[in-house]
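The structure under discussion appears below in the form of structure tokens.
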Amino acid sequence: MLTLPEEISEALAPLFAALPPEQAMGRLTGSDPKHTELVQGILRSAALADHPELAAGLWLYVDDLDRSHTVSQSLEDATGAYWHGIMHRREGDFSNSHYWMRRAAGHPLLRSNPELTPDALIDEVAAAGNKEDPVLVQKQRDEWQTLFTWCAANG
């Protein structure tokens, strides 16, 4: 479960009620945006208005890869590279995803958690082809929750 600062948790409550974390990001690749108007409203809240790193993650959460891409590529740090790499994996551009994960390699979350292996997940998703492997979908959700929680605590 997500452990978020109270003001962020409260702002996200309507989204998580509409799309619980265990149902979000059910596809490994492809884009089928949903709840985008809800996210737009949430991003205007005081708790999230000045946190583009959280916006990049929220757009991934609702499968809006284009908006996530726009935000993540504007973040010129390892966090932006990490979100950017996830987004490219989700669109099925695995070589570009590896490129961005190399740029994210110095991210504090990855340095302090060597068990996190985003490049291995890219390779696993690529090997799965278009098959929606529930184990990989759960890894994708776990990855999102880990990075989003880190961003909320360190943003």
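Before moving on, here are some points about what is shown:
- When L4, L43 are checked against the criterion of being under 22 Å from G85 (Cβ atoms) and of a type in the set (A, V, I, L, M), a single residue qualifies: L43.
- Odd one out for T29 among (1) more than 14 Å from the chain's Cα centre (by Cα); (2) more than 21 Å from A153 (Cα to Cα): (1)
- Those residues of segment 19-45 which are farther than 19 Å from V137 by Cα and either among the aliphatic types (A, V, I, L, M) or assigned to a loop (DSSP other than H, G, I, E, B) (or both), in sequence order: H35, L38, V39, I42, L43, R44, S45
- Checking each residue in segment 1-49 for being surrounded by 17 or more Cβ atoms within 10 Å (Cβ to Cβ) and without any contact (Cβ under 8 Å) to a residue 24 or more places away in the chain picks out only L43.
- The single condition among (1) surrounded by fewer than 22 Cβ atoms within 10 Å (Cβ to Cβ); (2) farther than 20 Å from L12 by Cβ; (3) of a type in the set (S, T, N, Q); (4) free of Cβ contacts under 8 Å to residues at least 60 places away in the same chain that S97 does not meet is (1).
- Residue selection: D63 satisfies the criterion of being at positive phi, modelled with pLDDT of 95 or more, out of contact with any helix residue (DSSP H, G or I) (no Cβ under 7 Å at 6 or more places or on another chain) and not aliphatic (A, V, I, L, M).
- Residue that is touching a residue at least 24 places away in the same chain (Cβ under 8 Å), touching a helix residue (DSSP H, G or I) at 6+ places or on another chain (Cβ under 9 Å), on the phi > 0 side of the Ramachandran plot and of a type outside the set (D, E, K, R), where the choices are G80, G106, G57, G92: G92
- In summary, R102 fulfils each of the numbered conditions (1) among the basic types (K, R); (2) closer than 22 Å to A152 by Cβ; (3) over 11 Å from the mean Cα position of the chain (by Cα) with the single exception of condition (2).
- Selection status of K139, surrounded by fewer than 22 Cβ atoms within 10 Å (Cβ to Cβ), in a helix (DSSP H, G or I) and not small (G, A, S): yes
The values are calculated or read from the model by the stated rules, or taken from the named source; none is laboratory data. Small disclaimer: the values here were computed from a predicted structure and weren't measured. For neighbour counting, all protein chains shown are included, and Cβ atoms are generated from backbone atoms with ideal geometry for every residue, glycine included.
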